[in-house]
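The values are calculated or read from the model by the stated rules, or taken from the named source; none is laboratory data. In this text, all values refer to a predicted model and were calculated from it rather than measured experimentally. So basically every Cβ, Gly included, is an ideal-geometry build from the backbone, and we count neighbours across all protein chains shown.
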C-alpha cells in the first residue's frame, strides 16, 4: 500500500461496501476485479458513487466468466468449476442494473 501511495496513486484502505464517507471526492475511481467476491456489489458501487466528484468517472472491471473457454472446459470435464471465492458472476445486464441501483441520488 505504501509503495502505491509513494507512486502516482492516491490509495485508500476502507470497507468499500460500508456507509462510511471518507470526506473526500475523487475524479476517478477504479474497481478492478473485486465485485465477484463482495457480498453486496451494489453497496460497493454506492460507496464509489458517494465518493465521486462532479464530472468524475468510475471504471469497474469484472471477470468475463462467460468466455467460451469456461463452457468448453465444463463440457469436457462434465462440471463447471468456478473460483470458490466468487459469490457471483455478472452478465452485462446485471452490471447495468447494479449501476442503475447505485446511480446518483
Residues being modelled with pLDDT of 70 or more and within 18 Å of the chain's Cα centre (by Cα) - total across segment 50-105: 31
Checklist (1) touching a residue at least 40 places away in the same chain (Cβ under 8 Å); (2) surrounded by 12 or more Cβ atoms within 10 Å (Cβ to Cβ) applied to residue 39, failing item: (2)
